[in-house]
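Q: Below is one structure. I have some questions about it.
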Amino acid sequence: MAVSSTTFAQRMETIKSGKTTSWTVPGQGLASASDERSFLRKSGHKMAARSTHKRINPFMFLLALALVAGAVSVIAARWIDFTYLDTALAYAAAKGVDGASIIGSVPTPISLAVVISIVAMFVLRLGSKQTVPLQIVGFLRALLFEGDLVVLAPEVYARFYPQSWIADMMASASLLT
């Protein structure tokens, strides 16, 4: 067995200086950069660096984003309704205008949620055949099972919504009761 003419300390200095690679040449120790290039030239194919990190599949990320965008549009619309629309209707009532008769029987949170969802679809570029159905699924799940979301995190909802609404939603929870 051949022994390298360099000592361990000399090899470590070479490694730390960055003038070498991680390759070794049998019987000679660490390979130099020129040895590595020579080997790659003779091998006929390129060596790619392998990563040990898991890579996020961009398509799956896009699908998850579509699902979340649909759900968030319902929650955001409900918040806008309680925060701004109720205030606007109270202001209109103070001025002598019946805001409820102007709006009529239009379910404002659902209408706002549809508008927010459409805007999110264009802003986030979720208009493909795969993402639109997922956005609709997220929208419908948040709409139908919003009571279950409130049961999961009532303290979060308490910051943004009236206590009477939280109590009604917790009473209407269907999956977690």
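The values are calculated or read from the model by the stated rules, or taken from the named source; none is laboratory data. Remember, it's a predicted structure, so these values are computed and weren't measured experimentally. Using ideal geometry, Cβ is built from the backbone for each residue, glycine included, and neighbour counts are taken over all protein chains shown. The protein model used for the area step is the full one, side chains on, heavy atoms only, and it has no ligands, DNA or RNA in it. Shrake-Rupley method; radii C 1.70, N 1.55, O 1.52, S 1.80 Å.
Q: Could you give me the residue pairs with C-beta distances under 6 Å whose first residue belongs to segment 70-87 and is under 10 Å from Ala113 (Cα atoms), whose second residue is open to solvent by 40 Å² or more (accessible area, probe 1.4 Å) and assigned to a helix (DSSP H, G or I) wherever it lies, and which are 6+ apart or on separate chains?
A: If the second residue must be open to solvent by 40 Å² or more (accessible area, probe 1.4 Å) and assigned to a helix (DSSP H, G or I), the pairs left are Ser73/Ile116; Val74/Leu143; Ala76/Ile116; Ala77/Leu112; Ala77/Ile116; Ile80/Leu112.
Q: Is there a residue in segment 93-106 that is surrounded by fewer than 11 Cβ atoms within 10 Å (Cβ to Cβ), modelled with pLDDT under 80 and within 20 Å of Leu140 (Cα to Cα)?
A: Yes; the residues of segment 93-106 include at least one that is surrounded by fewer than 11 Cβ atoms within 10 Å (Cβ to Cβ), modelled with pLDDT under 80 and within 20 Å of Leu140 (Cα to Cα).
Q: Here is a follow-up. Taking into account only those residues within segment 153-164 that are hydrophobic (A, V, I, L, M, F, W, C) and part of a helix (DSSP H, G or I), which is most open to solvent (accessible area, probe 1.4 Å)?
A: The residue in question is Val156.
Q: What residue, of Ala171, Ala120, Ala167, is among the small types (Gly, Ala, Ser) and either on the phi > 0 side of the Ramachandran plot or surrounded by 13 or more Cβ atoms within 10 Å (Cβ to Cβ) (or both)?
A: After applying the criteria, what remains is Ala120.
Q: Continuing with the same structure: Would you be able to say whether some residue in segment 3-21 is at pLDDT below 75 and touching a helix residue (DSSP H, G or I) at 6+ places or on another chain (Cβ under 6 Å)?
A: yes
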